[in-house]
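Chemist: For reference, the structure I am asking about is given below.
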Amino acid sequence: MEGNIAELGQYLGAGLACIGIGGAGIGVGNVAGSFLQGALRNPSAAGEQTATLFIGIAFAEALGIFSFLVALLLMFAV
Amino acid sequence: MAEGGGGFNIHPMEQFLLKPLFGGDEIHWYTPTNATLWLGITVVAVSLLMVFGSRGRALIPSRGQSMAELTYGFVYKMVEDVTGKHGVKYFPYVITLFLFILFANLLGLIPTSFSTTSHIAVTVILALAVFISVTAIGFAKHGAGFLKLFWVSSAPTVALRCVLALIEVISYFVRPISHSVRLAGNIMAGHAVLKVFAGFAGALGLFSVVPILAISTIYALELMVAVVQAYVFAILTCVYLNDALHPGH
């Protein structure tokens, strides 16, 4: 059991930062699920809304990428 | 730096290292590196597709012409749908961004190649160019009226509008950050995951069939991510353009 406390914090922080990715997963799932729900109710309007779907997914996913980035920075850049 | 355990000697981030093309260790701003090479290849590939695609102009398109026409029509429809007929003027910019990012992502997926879009330096330049040009277009078209973008006039009270204006200003200035980090983060994460699974395959010996199968699956996923991220970058550019052309809520 060697190593210093800073390294411990670095690894713990990187692991904790990855919790945020789960949030992004929930968000993306929500967007896609809601889209499917709406699309099945009114399939004729679904085709025009795929752009909105991707924008929504992109916004939700960006936050997960941010937390992944924090984890990467803690692991390799600090 | 994290150190790998026994038999695990593939470093997931090593693939993103910049290396000078013609030997030497020092990198100056003018040193041609592997990033320069693959950026160049990207530009050449885009040019080849569009030049050779539009050369024949056959009534029954060849495969190349078909690809070029489909891409062109797809992006044109996207710009027209999102920004309306006033935004079609900026279509060349959007298709340039789309094709460049698409080809950079796809070329980065070739084994042993270098994925240029995984570098924040590349994507930040693209996103900042979009941010600055969109802001300039907004002010050029509407003058001070562009600031209506931040003033949510449909909110009920003035106090609420002030709070919302603050939030809108912050979200406006976060745009280039999220725009660039989304692309770079997605590509970097995907490639790092591929390398991590490659490390598993090296460490497991006979059972490496499982990680190799997983790599094939993730590779297919990455192929989709490469296309979707190019699409998302282009469509967000259109959304920001639409904000600049039609400010106000």
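Since every read-out is calculated from the coordinates, none of them should be taken as a lab result. Everything numeric here is computed off the predicted structure, so don't read it as measured data. Using ideal geometry, Cβ is built from the backbone for each residue, glycine included, and neighbour counts are taken over all protein chains shown.
Chemist: Under a GNM of chain B (C-alpha, springs under 10 Å), which listed residue has the highest mean-square fluctuation: B:Ala129, B:Ala234, B:Ala155?
Modeler: Among B:Ala129, B:Ala234, B:Ala155, the largest GNM mean-square fluctuation belongs to B:Ala155.
Chemist: Next question. Rounded to the nearest whole Å³, what is the per residue volume of the convex hull around the Cα atoms of chain B?
Modeler: On the way: hull volume 49.7 nm³, N = 249.
Given the Cα convex hull of chain B, per-residue volume reads 199 Å³.
Chemist: Still on this structure, I have one more. For B:Lys77, which lysines qualify as cross-link partners when the Cα separation must be under 28 Å and same-chain residues fewer than eight apart are set aside?
Modeler: Correct list for B:Lys77: B:Lys85, B:Lys89, B:Lys141, B:Lys148.
Chemist: Once the mean 1/r over all distinct Cα pairs of the range A:26-77 is inverted, what Kirkwood radius in angstroms do you read off?
Modeler: Radius from the Kirkwood sum: 12.4 Å.
Chemist: Something else about it: Pop out the ³J(HN,Hα) list for the range A:46-53 in order, Karplus 6.51 cos²θ - 1.76 cosθ + 1.60 with θ = phi - 60°, rounded to Hz; leave Gly and Pro as x.
Modeler: 5, x, 6, 9, 5, 4, 4, 4
Chemist: Name the long-range amide H neighbours of B:Thr33: under 5 Å, sequence gap of 5 or more, or other chain; modelled H, no Pro or chain starts.
Modeler: The answer is B:Leu21.
Chemist: Tabulate in residue order the Karplus-calculated ³J(HN,Hα) for the range B:20-29, using 6.51 cos²θ - 1.76 cosθ + 1.60 with θ = phi - 60°, rounded to whole Hz; enter x for Gly and Pro.
Modeler: The phi angles translate into x, 5, 10, x, x, 10, 7, 10, 9, 5 Hz.
Chemist: Run the simple label-point estimate for B:Ala220 and B:Leu147 please: 7 Å along Cα→C-beta, distance reported in nm.
Modeler: Label-label distance for B:Ala220 and B:Leu147, simple model: 5.4 nm.
Chemist: Cut-off 10 angstrom, C-alpha nodes, Gaussian network model of chain A. Which of A:Leu16, A:Leu53, A:Leu40 fluctuates the most?
Modeler: A:Leu40
Chemist: Then there is this: Mind checking which of B:Gly84, B:Gly108, B:Gly143 has the largest fluctuation in a GNM of chain B, springs on alpha carbons under 10 Å?
Modeler: Greatest mean-square fluctuation among the candidates belongs to B:Gly143.
Chemist: Using +1 on the beta carbon of Lys and Arg, -1 on that of Asp and Glu, and nothing else charged, what's the dipole of the range B:28-113 about the Cα centre, debye to 20? Don't jump to the answer; show the numbers that get you there.
Modeler: Numbers: 6 positive and 3 negative charges, 42 e Å.
With only Lys, Arg, Asp and Glu charged at Cβ, the dipole is about 200 debye.
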